[in-house]
Ligand SMILES: Nc1ncnc2c1ncn2[C@@H]1O[C@H](COP(=O)(O)OP(=O)(O)OP(=O)(O)O)[C@@H](O)[C@H]1O
Ligand SMILES: [Mg+2]
């Protein structure tokens with residue numbers, strides 16, 4: 001709604017008066033410019049609606065004067081109709097109003113980024129730099145920031161809790177690590193599929209040299225030191241770990257260390273929390289592939305921005321192959337390899353294949369192929385040995401379809 005200055009009896013809509021052989025009307029709607037109104041005038045001569053002969057934009061004060069004048073001249077509005085007219089006006093006004101609001105938000109963010117002590121541009125997002133620590137991941141110069149990642153990067157800047165879901169090797173962990181590497185933030189990772197206990201995660205008491213000491217777990221460590229914490233495979237986490245996490249899912253959420261006399265840990269402003277999962281939410285349909293994964297409840301998921309990360313497109317993946325394995329990986333080789341990966345994924349989507357084909361697997365296979373000069377031999381340890389004999393046979397068929405044997 002973009003008519004803040006109009007009072008209750010000043011409506012948008014159609015004002016009409018009868019003329020000798022028809023009607024004359026003024027239509028009032030919201031203009032593209034903020035707090036301005038569009039006035040259109042026309043006459044109907046027998047037919048329904050004549051052409052618009054006056055079309056102008058006025059401010060609220062001007063409109064108010066016109067409304068008074070029209071009232072004196074005998075124009076009236078059909079209030080019931082006015083409501084629908086107003087609905088139409090609101091409907092039309094929404095997108096221009098939203099675009100203005102989004103432009104103002106972007107400008108405010110830009111001013112904020114300029115005030116911060118150094119930032120790097122990732123895609124079109126300015127990411128404030130961190131404190132530089134030994135935990136900053138190594139920059140992978142071959143890493144490709146797809147345009148699709150911009151929303152995720154903006155969420156990181158805004159301190160949202162981001163959960164990335166998708167198949168294995170789609171690039172969930174590396175996306176966060178590469179943003180951290182470029183903006184010089186230290187990263188801690190904690191994998192929930194395995195031996196991570198609530199003690200490792202939250203902290204525990206221990207005895208050292210006759211003294212009882214508290215050791216912070218990864219969560220309070222990251223919170224105090226302003227590190228980025230990636231909780232990998234969160235769908236395998238035990239309930240006590242999820243309970244500890246829930247407290248810090250709010251942007252300024254604090255952690256209470258119950259075991260340490262209810263000590264409160266407040267988050268450092270640079271602290272960020274991420275999770276990755278293969279089989280939650282929109283990925284639940286693939287749960288049979290990720291045995292033992294738990295369904296996460298909706299209230300927990302609602303505390304995250306959840307992004308589904310798909311594999312890179314064949315063109316993007318070919319680029320990544322070339323950049324990663326330069327200078328020997330040529331465009332011809334890369335295009336074929338990316339097409340093979342795409343075909344394997346299509347077979348997987350049709351459920352002809354039961355194993356996903358990750359970017360990690362593709363890179364590994366390509367690397368080994370450059371060493372051996374033999375795609376089939378390289379596929380042994382990089383692909384075939386990791387999948388069922390049936391899957392291996394099908395993948396071998398796809399590879400042969402794309403690569404003719406050497407003469
Ligand atoms: N955009 C990209 N640019 C370059 N390389 C990429 C990109 N995305 C993924 N990769 C490559 O794929 C590998 C696997 O990605 P990553 O480990 O991030 O996957 P993941 O989704 O976290 O997998 P998992 O579910 O198995 O943990 C990375 O090490 C990287 O080499
Ligand atoms: Mg990962």
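Here are the numbers for the structure shown:
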read-out	value
Residue count, the stretch 361-395 (criterion: surrounded by 15 or more Cβ atoms within 10 Å (Cβ to Cβ) and within 27 Å of residue 309 (Cα to Cα))	17
Meets criteria (surrounded by 17 or more Cβ atoms within 10 Å (Cβ to Cβ) and within 21 Å of the chain's Cα centre (by Cα)) for residue 233	yes
Neighbours by Cβ (under 8 Å, 6+ apart or cross-chain): first from the stretch 245-260, assigned by TED's automatic domain parsing to the domain that holds residue 273; second at pLDDT below 90 and loosely packed, with under 14 Cβ neighbours inside 10 Å	253/247; 254/247; 255/247; 256/247
Segments classed as strands (runs of 3 or more DSSP E), wholly inside the stretch 161-223, with at least 2 members that are within 13 Å of ligand 1 (Cβ to nearest atom) and touching a strand residue (DSSP E or B) at 6+ places or on another chain (Cβ under 9 Å)	162-165, 187-191
Boolean, residue 315 is touching a helix residue (DSSP H, G or I) at 6+ places or on another chain (Cβ under 7 Å) and under 23 Å from residue 395 (Cβ atoms)	no
Matching residues in the stretch 68-111 - criterion: being at pLDDT 75 or above, more than 25 Å from residue 25 (Cβ to Cβ) and surrounded by 13 or more Cβ atoms within 10 Å (Cβ to Cβ)	100
Number of the exception - residue 117 against (1) at pLDDT below 85; (2) under 20 Å from the mean Cα position of the chain (by Cα)	(2)
Sole exception among (1) farther than 16 Å from residue 304 by Cα; (2) more than 12 Å from ligand 1 (Cβ to nearest atom) for residue 138, by number	(2)
Hits in the stretch 154-173 - residues which are more than 19 Å from residue 121 (Cβ to Cβ) and either within 9 Å of ligand 2 (Cβ to nearest atom) or without any contact (Cβ under 8 Å) to a residue 40 or more places away in the chain (or both)	164, 168, 169, 170, 171, 172, 173
Residue 354 being assigned to a loop (DSSP other than H, G, I, E, B) and either surrounded by 14 or more Cβ atoms within 10 Å (Cβ to Cβ) or in the same structural domain as residue 175 (by TED's automatic domain parsing) (or both)	yes
Any hit, the stretch 113-132, residues being in contact with a helix residue (DSSP H, G or I) (Cβ under 9 Å, 6 or more places away or on another chain) and assigned to a helix (DSSP H, G or I)	yes
Residue, surrounded by the fewest Cβ atoms within 10 Å (Cβ to Cβ), within the stretch 171-185, restricted to residues that are closer than 13 Å to residue 230 by Cα and in contact with a helix residue (DSSP H, G or I) (Cβ under 7 Å, 6 or more places away or on another chain)	175
Count of residues meeting criterion [in contact with a helix residue (DSSP H, G or I) (Cβ under 9 Å, 6 or more places away or on another chain) and more than 16 Å from ligand 2 (Cβ to nearest atom)] in the stretch 219-238	4
Filter result for residue 156 (within 13 Å of residue 308 (Cα to Cα) and either near ligand 1 (Cβ under 6 Å from one of its atoms) or crowded, with 20+ Cβ neighbours inside 10 Å (or both))	no
Candidates 368, 394, 362 - the one that is assigned to a helix (DSSP H, G or I) and without any contact (Cβ under 8 Å) to a residue 24 or more places away in the chain	368
Of all residues making up the stretch 129-153, the number that are in contact (Cβ under 8 Å) with a residue 40 or more places away in the chain and under 15 Å from the mean Cα position of the chain (by Cα)	3
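The values are calculated or read from the model by the stated rules, or taken from the named source; none is laboratory data. Bear in mind the structure is a predicted one, so any value in this text is a computation, not a measurement. Please note: Cβ atoms are built from the backbone with ideal geometry, for glycine as well, and neighbour counts cover all protein chains shown.
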